[in-house]
Amino acid sequence: QVQLVESGGGLVQPGGSLRLSCAASGFALSRYFVSWYRQGPGKERELVASADSDGSTNYSEFVKGRVTISRDNAKDTVDLQMNSLKPEDTAVYYCKASFLWRHYWGQGTQVIVSA
């Protein structure tokens, strides 16, 4: 069964850190272009960061310097390290894996940044 699962979300205080992880079952995530998106309350889903299978990465301006996307090929996961979190980072974070015509989405993991 093909499945994409995010983990690592939770409640964190402003200025804190979280590490999200995206894992796949039924396919090798290492071959896929993987993106992290987020959707805040009342907002549209937006791209946070992406990592290609060749190791190249891209970040949206609003997270540059605070977020790092990385691959753990031993675990076959794509992780999102988020530092200096702000209340406006509160959102459901989704992982998306793409390869040619195949696109898979996870169910999302909730991140709440609040004092």
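Data overview
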quantity	calculated
Cα-projected label distance for Q81 with I112, points at 7 Å along beta-carbon direction, nm	2.7 nm
All-pairs Cα distance distribution in the chain, expressed in whole percent, bin size 5 Å	2, 13, 25, 26, 19, 10, 5, 1, 0
Lysine pairs in the chain with Cα atoms under 21 Å, if 8 or more residues apart or on separate chains	6
Accessible area per residue in Å² at 1.4 Å probe, computed on the chain	54 Å²
Projected label distance in nm at N58 and E88, using a 7 Å step from Cα toward the beta-carbon	2.2 nm
Rounded percent of accessible protein surface that carbon and sulfur make up, region 76-115, 1.4 Å probe	53 percent
Taking the C-alpha atoms of region 1-46, convex hull volume expressed per residue in Å³	116 Å³
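The values are calculated or read from the model by the stated rules, or taken from the named source; none is laboratory data. Everything numeric in this text was worked out from a predicted model, so none of it was measured. Glycine also receives a Cβ, built like all others from the backbone with ideal geometry; neighbour counts cover every protein chain displayed. SASA here: full protein model, heavy atoms, side chains in, ligands and nucleic acids out. Shrake-Rupley method; radii C 1.70, N 1.55, O 1.52, S 1.80 Å.
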